[in-house]
Amino acid sequence: MITPTAYREALSRIDAPSSFAALRQTALRKFLQAGLPDSRQEDWRYTSLRHLERMPLHAPAAMPETLPALEDYPGALLAYLDDRLVWQDTTLPATVLGVLADAIGTETPAAFGNLAGNGLVGSSLTQLNAALWREGACLRVPAGERLRQPVFLRFAAAEADAMLYPRVFINMAVGSDAILVEHFLGDPGIAYWQNPVTEIVLEAGARLTHLRIVEDSNLATHTGLTAVHLGQDSNYRALNLTFGGLVARHELNVTLAGVGAEVRLDGVFIADGLRGAEQHLRIVHQAPRGKSRTLYRGLADGRGRGVFDARVEVRPHADGSDAQQSSRNLLLSPHAEIDAKPQLEIYADDVKCGHGATVGSLDEDALFYLRSRGIDGDSARQLLLHAFVGEALGLLDDTGLRDWLMPRLLARMPRSHLLEPRPWTH
Amino acid sequence: MLQIRNLHVSVAGKPILKGVDLTVQPGEVHAIMGPNGSGKSTLAQVLAGRDGYDITEGSVHYLDQDLLPLTPEERARAGIFLAFQYPLEIPGVANVQLLRTALNGQRRARGEAEMDAIDFLEYVKDKLVLLGMDDSFLYRSVNEGFSGGEKKRNEILQMAVLEPRLAILDETDSGLDIDALHVVAQGVNSLRNGARAIILVTHYQRLLNYIVPDQVHVLAGGRIVRSGGSELAEELERKGYAWLGDEAEFMETYL
């Protein structure tokens with residue numbers, strides 16, 4: 001059972017424009033009726049959110065007084081702390097990049113809320129976000145424009161037991177081009193809940209490269225949704241990296257609505273210690289000649305639990321669709337677990353679809369080969385693990401963000417516990 | 001340099017080596033020949049420190065130190081190198097990355113300074129020439145998509161880079177055409193010197209036309225049944241292994 005008080009209290013603290021107040025009320029009511037998702041729902045059979053019911057969750061208190069020390073972000077930046085914009089560093093006009101609440105105040109983007117659910121449809125967690133999001137972020141790239149620098153959205157948590165509802169709306173107008181990085185993180189050692197929703201609309205011929213990095217604290221819960229709508233000949237490429245969170249779940253719904261749309265979804269998730277990392281992908285080919293590529297690599301160590309659940313639907317009339325999925329997963333301890341569940345549903349003709357999913361352990365022969373060359377066991381494992389996840393990291397070169405990201409990834413790679421090599425006396 | 005005494009090795013409870021004795025001095029090249037299943041590869045793997053082999057009896061000393069408790073990487077750092085019969089493909093790890101990590105791992109263990117990327121490239125270039133390989137080999141994933149001959153050459157390249165004191169070449173000649181065999185043999189011969197010992201494990205005498213051994217041993221039924229000079233290899237080439245059958249069978253039954 002959830003106690004509605006915390007959520008009602010959170011809503012009462014939001015001074016939303018009246019145009020949205022009714023919608024927020026409706027969304028909250030629907031959430032409270034449905035409650036948190038539970039394991040009886042197929043999509044939620046792996047994750048339990050019961051621990052949220054026992055936490056003293058609340059909306060974050062007033063604006064934090066001290067600014068966080070910010071990492072270097074090589075591009076335009078909006079930095080949020082506990083759901084409030086605390087820092088921005090951008091030369092883009094406010095009509096292109098700014099706070100979503102402000103953007104909505106003047107003119108509501110036509111598609112806002114339609115993809116993810118605006119309180120009328122969508123899962124209960126999405127409704128909760130629709131009810132309780134605060135400032136949000138909005139990126140609207142005008143037709144034919146190409147942003148020279150990546151746009152970074154940093155969503156950080158600093159208050160224990162805070163409920164955070166980042167909301168992002170992206171509109172890529174006809175023929176526009178941009179790189180977007182969403183970075184979720186929080187102070188180590190605190191528990192909190194991030195429940196973000198990101199909606200992305202690509203108009204005809206638009207291109208977006210999207211890095212999404214979940215680096216939340218090891219006590220945090222992250223339940224995120226990204227909904228993407230692709231117009232004709234548009235191109236969406238994503239790299240989803242999950243390194244943090246006690247429970248980290250990402251739902252990615254992609255609709256290829258226009259003829260000839262192309263999607264590439266790459267991802268790496270690491271579930272170590274007691275952590276769980278779940279990737280739920282739903283790729284819908286609605287129009288002819290769409291192309292989708294999915295390439296995920298998963299690592300589980302300790303008592304970690306990973307899930308790769310991907311469903312490709314090729315709808316009637318989406319003839320000539322081409323969908324390929326690859327999911328390879330490594331278990332690094334006998335107590336780790338990864339479930340890989342690729343699914344294909346095809347209702348069209350002349351379709352090329354395929355998927356491959358493997359769950360295995362590190363290749364002992366390869367390990368011995370490296371060790372026999374004098375590479376210690378620990379380094380040999382690292383070398384093999386880096387090579388393994390490296391297969392899914394091609395977009396780092398395309399975006400020029402390899403140097404920025406790799407130290408973060410390397411810091412989160414599972415370490416092995418082999419003995420220190422003995423010194424050789426000769 | 002290497003003293004193997006009465007070595008008994010089992011795999012999953014099944015005895016494979018049943019009392020092998022072998023002494024190798026610095027500068028020597030030894031060939032270990034024998035029919036399939038005689039335990040040749042087992043001996044090579046045991047010397048390199050592979051898991052999964054139970055040493056039930058006997059001892060192995062290398063440079064007057066007990067070799068058997070050492071991990072594979074410790075053995076490599078002490079100068080032991082095994083050229084694999086079936087070199088592994090490692091997608092995503094560039095050849096140059098493997099070579100430099102391995103060399104620097106060994107240098108660190110010996111208390112020497114690590115080699116930086118530029119010095120290393122300079123160092124490795126001569127070795128490439130030696131084996132008739134071009135620079136592109138450095139940047140390809142380790143053995144991925146290599147032909148059989150390229151894989152074997154790559155093993156010898158690693159040997160040339162790591163400059164071991166004791167090199168064990170496990171069936172390095174298998175699957176090589178005559179040109180590739182020539183290149184590989186040339187590479188090995190150029191690494192022969194007074195301080196380095198080499199053990200050639202092979203089924204056929206062919207390789208020994210190019211790399212002439214100081215001693216030849218015949219392994220059969222898990223024991224060395226004959227030892228001699230390079231003329232023993234020629235005898236085996238003429239007569240095959242069958243004429244050893246009686247002898248091997250006798251030893252298996254009564255010893």
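The values are calculated or read from the model by the stated rules, or taken from the named source; none is laboratory data. The structure presented is a predicted model; accordingly, all values stated were derived computationally and were not measured. Glycine also receives a Cβ, built like all others from the backbone with ideal geometry; neighbour counts cover every protein chain displayed.
Once the range B:59-78 is narrowed to residues that are small (G, A, S) and under 17 Å from the mean Cα position of the chain (by Cα), the residue that is surrounded by the fewest Cβ atoms within 10 Å (Cβ to Cβ) is B:A78.
For the range B:17-28, the candidate set comprises residues that are surrounded by fewer than 23 Cβ atoms within 10 Å (Cβ to Cβ) and not charged (D, E, K, R); within that set, the residue that is nearest to B:G194 (Cα to Cα) is B:G27. The residues of the range B:85-97 include none that are within 20 Å of B:G187 (Cα to Cα) and facing chain A (nearest Cβ under 7 Å). Taken over the range B:2-60, residues that are acidic (D, E) and assigned to a loop (DSSP other than H, G, I, E, B) amount to 2.
Quick check, is A:S292 buried (at least 24 other Cβ atoms within 10 Å of the Cβ), assigned to a strand (DSSP E or B) and small (G, A, S)?
Here the answer is yes, as A:S292 does meet what is asked.
Scanning the range B:86-111 for residues that are of a type in the set (A, V, I, L, M, F, W, C), under 15 Å from B:G145 (Cβ atoms) and not in a loop (DSSP other than H, G, I, E, B) yields a total of 3. Return the pairs, sorted by first residue and then second, in which the second residue is in a loop (DSSP other than H, G, I, E, B) and of a type in the set (F, W, Y), the first residue lies in the range B:60-78 and is over 20 Å from B:V9 (Cα atoms) and facing chain A (nearest Cβ under 8 Å), the beta carbons are less than 9 Å apart, and the residues are 6+ apart or on different chains. Every condition considered, the pairs that remain are B:E74/A:W424; B:R77/A:W424; B:A78/A:W424. Regarding A:S326, is this residue surrounded by fewer than 20 Cβ atoms within 10 Å (Cβ to Cβ), among the hydroxyl-bearing types (S, T, Y) and either modelled with pLDDT of 95 or more or within 20 Å of A:A271 (Cβ to Cβ) (or both)? Criteria met by A:S326. Looking across the range B:112-133 at every residue that is more than 26 Å from A:H386 (Cα to Cα) and assigned to a loop (DSSP other than H, G, I, E, B), the one that is nearest to the other protein chains (Cβ to nearest Cβ) is identified as B:E112.
Selection of first residues in the range A:319-346 that are within 21 Å of A:G273 (Cβ to Cβ) and in contact (Cβ under 8 Å) with a residue 24 or more places away in the chain and of second residues that are in a strand (DSSP E or B) and of a type in the set (V, I, T), restricted to Cβ pairs under 6 Å at least 6 apart or on distinct chains, gives the following pairs, ordered by first then second residue: A:N329/A:I338; A:N329/A:V359; A:I338/A:V359; A:D339/A:V307; A:A340/A:V359.
As for the range A:412-419, it holds no residue that is surrounded by 20 or more Cβ atoms within 10 Å (Cβ to Cβ) and either within 14 Å of another protein chain (Cβ to nearest Cβ) or modelled with pLDDT of 95 or more (or both). Counting residues in the range B:77-85 that are in a strand (DSSP E or B), more than 30 Å from B:S136 (Cβ to Cβ) and not polar (S, T, N, Q) gives zero.
Elements of the type helices (runs of 4 or more DSSP H) sitting completely within the range A:328-409 and holding at least 3 residues that are within 14 Å of chain B (Cβ to nearest Cβ): these cover A:364-371, A:377-390.
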